[in-house]
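*Asks:* Next up is a structure, given as structure tokens.
Each value in this text was obtained by applying a stated rule to the coordinates, not by laboratory testing. These numbers were taken from a predicted model, which means no experiment stands behind them. Neighbour counts run over all protein chains shown; Cβ positions are idealised from the backbone, glycine included.
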Amino acid sequence: MTEPVQPRKPDSTNAQSGPRPKPPSIDALLKAPACQDLRERHGHVPLVAALREASAELRARQEPLSPEAVTAWILTSASERLHAAAQSSLRPVFNLSGTVLHTNLGRAPLAIPALEAIGRVAGTASNLEYDLATGRRGDRDVHVEALICRLTGAEAATVVNNNAAAVMAVLAALARRREVIVSRSELVEIGGSFRVPDVMATAGAKLREVGTTNRVHLRDFATAIGPTTALMMKIHPSNYRIEGFTASVAETELAALAREHGIPFVNDLGSGTLVDFRELGLPHEPTVQEALVAGTDLVTFSGDKLLGGPQAGFIAGRADLVRRIKKHPIVRALRVDKLILAALEATLKLYADPERARTGIPALRLLSRPLPSLEAAAERLLPPVQLAMAGIAEVGIAACRSQIGSGALPVDLLPSCALVLTPRRRGGKAVEHLAASLRALPRPVIGRLHQGALHLDLRCLEEVDERVFVDQLALLSKAASP
Ligand SMILES: *Cc1c(COP(=O)(O)O)cnc(C)c1O
């Protein structure tokens with residue numbers, strides 16, 4: 001926001017004796033024609049408050065202004081205050097950071113049917129927990145449980161606030177004051193302070209580490225099993241990979257060992273995809289189906305990572321275990337809202353047909369965008385972006401690599417294409433200033449700083465949004481020129 005009058009340094013000798021601007025009364029200001037429009041757009045009470053604040057600021061500033069200038073100053077300042085207050089704090093941005101499922105940028109964008117489903121139930125009563133057939137109280141999981149079971153082969157499932165909550169609920173319900181056996185190589189911290197040992201402690205479970213950082217064997221698990229063992233657990237190391245002299249135990253072997261001892265085997269998959277990523281031309285990522293086929297008793301996974309839905313956490317697997325978890329009071333505290341269930345149901349329905357999932361779910365569509373389509377987008381965007389950035393930055397095209405994000409497939413990067421903006425003004429913080437001016441646009445553009453340039457990875461800029469992206473760049477030339 002630009003200030004209507006340049007603030008002056010307070011002059012200490014003049015401050016007490018200088019001419020004090022006398023703002024008109026609020027009633028007089030309200031009569032100005034500009035106020036009619038402001039009142040209609042923002043309401044009477046906010047308008048009066050903004051006029052008061054603007055008048056007080058002017059008084060404090062001690063500007064020597066003519067009476068007409070005083071009124072104009074107050075009206076401009078009040079209008080800017082109202083405009084700033086009316087803008088949403090949470091708003092859409094262009095994610096050109098190169099990380100598709102960026103946790104700080106809201107992870108998965110929702111599919112259109114999911115948006116429509118939210119719109120249908122958000123503003124009205126719904127059968128959220130009401131059985132329409134019997135007229136009795138129902139269970140909110142019914143809206144997604146059968147779908148998730150059909151897609152994954154699980155016997156039963158429940159949904160909570162996110163995957164961290166899903167893990168917490170499993171541990172609290174099944175392992176309180178008892179031991180959970182985990183390989184030392186999987187005691188990971190996942191972005192946003194999800195640390196496996198801390199989650200265990202919070203849930204009241206005792207962590208029993210086995211093996212070493214790089215190697216763990218079946219016998220390590222076998223010897224750790226004792227009378228206080230509640231669970232054996234596998235955790236997808238998500239955002240890092242151990243390479244070199246390593247050994248891990250196959251899921252099928254762990255599952256068989258657990259079964260032999262009557263101990264549930266839980267797999268925290270993290271991303272939990274429902275489709276074979278190789279069919280999308282992407283590196284393999286373990287699916288929920290594969291985990292269950294391997295003999296896992298319970299799988300936990302996120303709704304807003306590779307699944308491409310809203311923030312949620314699934315617990316899927318053996319019906320008796322799911323039933324026990326659902327009875328635990330913590331699940332009541334972690335339950336999901338009707339808007340989330342509406343979006344989840346619609347997203348899961350798209351998975352009935354793999355082709356509709358690939359094209360209809362934005363996360364899958366963006367991740368599987370082929371390189372030629374990204375290169376074509378760069379060629380298309382280069383001339384208008386060069387024009388808009390003339391005098392501000394040089395614009396070129398460079399090959400780059402996108403990241404999936406949210407801890408999935410940390411090492412495998414997707415070939416992509418970026419516009420590279422190099423500021424014309426050299427030195428200092430020129431590129432930081434350029435990045436800040438793009439973030440200050442009506443729909444902020446989030447890029448990535450790399451070697452003195454701003455890289456805009458085009459993978460997440462879909463063709464339908466290109467126009468809005470380019471048009472708003474015209475606002476830069478005024479703001480950014482010295
Ligand atoms: C991402 C992740 C979590 C946390 O999931 P949220 O949905 O972000 O709460 C837990 N475990 C693993 C392995 C993960 O990758």
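*Asks:* Quick check on the chain: helices-only [θ] at 222 nm, where DSSP H runs of length 4 and up contribute -39,500 (n - 2.57) each and the sum goes over total residues. Nearest 500, please.
*Replies:* Numbers: 20 runs with 200 residues, N = 482.
That calculation yields -12000 deg cm²/dmol at 222 nm.
*Asks:* May I pose another question? Rounded to a whole number, what is D in µm²/s for the stretch 345-482 from Stokes-Einstein with the Kirkwood radius over alpha-carbon pairs (37 °C, 0.692 mPa s)? Don't jump to the answer; show the numbers that get you there.
*Replies:* Numbers: Rh = 16.3 Å.
The Stokes-Einstein estimate is 202 µm²/s.
*Asks:* While we're here: May I ask you to compute the full-extension gain from Ala34 to Leu387, defined as 0.36 nm times their residue separation minus their alpha-carbon distance, rounded to one decimal in nm? Please report the intermediate quantities before stating the final value.
*Replies:* Working: separation 353, 0.36 × 353 = 127.08 nm, distance 3.56 nm.
Gain in length upon complete extension: 123.5 nm.
*Asks:* Rounded to the nearest 20 debye, what is the charge dipole size of the chain about its Cα centre when +1 sits on each Lys and Arg Cβ and -1 on each Asp and Glu Cβ?
*Replies:* On the way: 57 positive and 50 negative charges, 248 e Å.
Approximately 1200 debye in magnitude.
*Asks:* Then there's this: Please list log₁₀ I(q)/I(0) at q = 0.11 Å⁻¹ for the stretch 112-360, using the Debye equation with identical point scatterers on the alpha-carbon positions.
*Replies:* -0.58
*Asks:* Taking every DSSP beta bridge that has both residues in the stretch 112-360, what percent is antiparallel when rounded to the nearest 5? All intermediate terms of the calculation are to be shown ahead of the outcome.
*Replies:* Numbers: 14 of 33 bridges.
Bridges in the stretch 112-360 that DSSP calls antiparallel: roughly 40 percent.
*Asks:* List the trypsin sites (Lys or Arg not before Pro) within the stretch 416-456 that fall in a DSSP loop (any state other than H, G, I, E or B) and whose Cβ has at most 12 other Cβ atoms within 10 Å.
*Replies:* Details: sites: Arg424, Arg425, Arg426, Lys429, Arg439, Arg448; in loops: Arg424, Arg425, Arg426, Lys429.
Passing sites in the stretch 416-456 are Arg426, Lys429.
*Asks:* Can you pull the semi-axes for the chain, root of five times each eigenvalue of the Cα gyration tensor, sorted largest first, whole Å? Before the final figure, lay out the partial values.
*Replies:* On the way: eigenvalues 532, 166, 108 Å².
With the √(5λ) rule applied to the chain, the semi-axes are 52, 29, 23 Å.
*Asks:* Pop a pseudo-label 7 angstrom from the Cα along the beta-carbon direction at both Ile330 and Arg241 and give the gap in nm to one decimal.
*Replies:* Simple spin-label model gives 3.2 nm for this pair.
*Asks:* When the convex hull of the Cα atoms of the stretch 12-86 is projected onto a plane and the area is averaged over all directions, what value comes out in nm²?
*Replies:* Its Cα hull, projected and averaged over all orientations, spans 5.0 nm².
*Asks:* Let's test the formula: R0 of 30 Å, r as the Cβ-Cβ distance of Glu375 and Leu339. What FRET efficiency results, to the nearest 0.05? Before the final figure, lay out the partial values.
*Replies:* Working: r = 38 Å, r/R0 = 1.26.
The computed FRET efficiency comes out at 0.20.
*Asks:* Another question, then. Calculate how many DSSP beta bridges within the chain are antiparallel, expressed in % of all such bridges and rounded to the nearest 5.
*Replies:* Values: 32 of 54 bridges.
The answer is about 60 percent antiparallel.
*Asks:* Which residues does a label at His284 reach in the stretch 225-254, if reach means a backbone N under 14 Å from a point 7 Å past the Cα toward the Cβ?
*Replies:* Zone members listed by number: 250-252.
*Asks:* Here's a follow-up. Could you work out how much longer the chain between Arg448 and Ala222 gets when fully extended? Use 0.36 nm per residue separation minus the Cα distance between them, nm to one decimal.
*Replies:* So the extension gain works out to 76.7 nm.
*Asks:* A further question follows. Could you compute the net charge surrounding Lys327? Neighbours are other residues with a C-beta less than 14 Å from the C-beta of Lys327; K and R count +1, D and E count -1. Provide the component values of the computation, followed by the final result.
*Replies:* Values: positive: Arg176, Arg323, Arg324, Lys326, Arg332, Arg335; negative: Asp139, Asp141, Asp320.
Charge balance in the 14 Å sphere: +3.
*Asks:* OK, next. Given N residues in the stretch 146-284, what is its alpha carbon radius of gyration divided by 2.2 N^0.38 Å? Mind dumping the intermediate values first?
*Replies:* On the way: Rg = 15.3 Å, N = 139, 2.2 N^0.38 = 14.3 Å.
The stretch 146-284 yields a ratio of 1.07.
*Asks:* If I require 18 Å or longer along the helix axis, counting alpha carbons, and a Kyte-Doolittle average no lower than 0.0, what helices from the chain are left? Use full DSSP H segments. Spell out each step's value before the answer.
*Replies:* Numbers: long enough: 44-61 (26 Å, 0.15); 67-86 (29 Å, 0.34); 338-350 (19 Å, 1.30); 371-388 (25 Å, 0.54).
For the chain, where a helix must reach 18 Å along its axis and average at least 0.0, the hits are 44-61, 67-86, 338-350, 371-388.
*Asks:* How much length is gained on full extension from Ala72 to Leu187, taking 0.36 nm per residue of separation minus their Cα-Cα distance?
*Replies:* Details: separation 115, 0.36 × 115 = 41.40 nm, distance 6.24 nm.
This chain segment gains 35.2 nm when fully extended.
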